[in-house]
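Down below is the structure, laid out as structure tokens.
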Amino acid sequence: MLKLQGHRGKVRALAFSPDGRRLASVAGRERHASLWELPAGTRTLSLGDADEVQSVAYAPDGESMLIASGRHLRRWHIATGTITERWFRGSNYCWQVAYSPDGSLLAALCYNRRGEADRFRVDLFRPAQAGRLAKFFVGGYGWPMCLAFSPTGRFLAAGGADKTLRVWGVKPEAKAVWFKCAGNVLAVTIFANDTLVAVSAGKKITLYDFATHKPCGELTGHTGHVCALGAAPDGTILSAADDGTARLWDITGRRERACFDWNIGGLNVAAFSPDGMLAAVGGEDEIVVWDIE
């Protein structure tokens, strides 16, 4: 187990590099993204002094990292340490970002910075066509809280304060799907075969059948709101909650495998390395990384 210290404020985003040797993060109102070498724990800050950083995402090829700063998406080239400023511009403040698994698309979850009554929007860009908007999806009213591509890259999910999870097809043959949830949609992950969706809308995790849109199971045990979810290639779910605990779940048996509490405050973010061997969660000022085995 490794603790990464140095952030100021609640960690708001985590992203492993494709090889699992680095971890990107951002916290509070920091104006830089952090890149941590694993397992050494050495830290490098992104260059420049832009607006506050909202989110980060690693490119699937491992050569660069996406930084959401204000309305703009910046590209941090890891090998050279240089940054492409204003690579893309979102329709509003880019609260979360994500790459499609093959790297052909990147998504930005955009919303009014002041949180005024408005609908959020998901902007899609093609990295190969710098500066051009590929398409966009209109979401619901209220604050957006989660964004995720399915592992196949066929679907893109987003949810927030209107208690609805929206799943859009990003390829011609894929259809849009809506899931009505019991509360604000805090976190989502779609499983590898696009047949099962895990959603947090409170203190439990609800599993939905993708085809019928109906609940098909629950994972309970957290005493606080589940703020983040991640899925390993073998189907294991990682959850992080504001009760300060992280938990691993066996989906086949619908049971908890393990519970961890490192006393770093309420947890807001969680991530698996692409091979599922490492997990990370972020709390107040700190990040914990550990080996699943």
### Task
Provide a single number: the residues in region 260-282 that are in a loop (DSSP other than H, G, I, E, B) and within 15 Å of the chain's Cα centre (by Cα).
4
#### Entry: Restricting region 69-93 to residues that are of a type in the set (D, E, K, R) and either in a loop (DSSP other than H, G, I, E, B) or over 19 Å from the mean Cα position of the chain (by Cα) (or both), the residue that is nearest to residue 21 (Cα to Cα)
85
### Unique match (being more than 16 Å from the chain's Cα centre (by Cα), of a type in the set (S, T, N, Q) and farther than 25 Å from residue 169 by Cα) among 206, 252
252
### Task
Please find, among 237, 190, 205, 264, the residue that is modelled with pLDDT of 90 or more, surrounded by 15 or more Cβ atoms within 10 Å (Cβ to Cβ) and over 21 Å from residue 283 (Cα atoms).
190
### Message
Cβ contacts < 9 Å: first residue acidic (Asp, Glu), restricted to region 200-227; second residue surrounded by fewer than 18 Cβ atoms within 10 Å (Cβ to Cβ) and assigned to a strand (DSSP E or B), any location; separation 6+ or different chain. Result?
### Response
209/215; 209/216
### Task
Please identify the pairs in which a residue from region 19-48 that is farther than 20 Å from residue 272 by Cα has its Cβ atom under 6 Å from the Cβ atom of a residue that is of a type in the set (S, T, N, Q) and not in a strand (DSSP E or B), counting only partners at least 6 apart or on another chain.
32/46
### Message
Considering only residues that are in a strand (DSSP E or B), farther than 15 Å from residue 84 by Cβ and of a type in the set (Gly, Ala, Ser), which ones fall in region 42-68?
### Response
55
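The values are calculated or read from the model by the stated rules, or taken from the named source; none is laboratory data. Keep in mind the model is a prediction, meaning the values are calculated, not measured. So basically every Cβ, Gly included, is an ideal-geometry build from the backbone, and we count neighbours across all protein chains shown.
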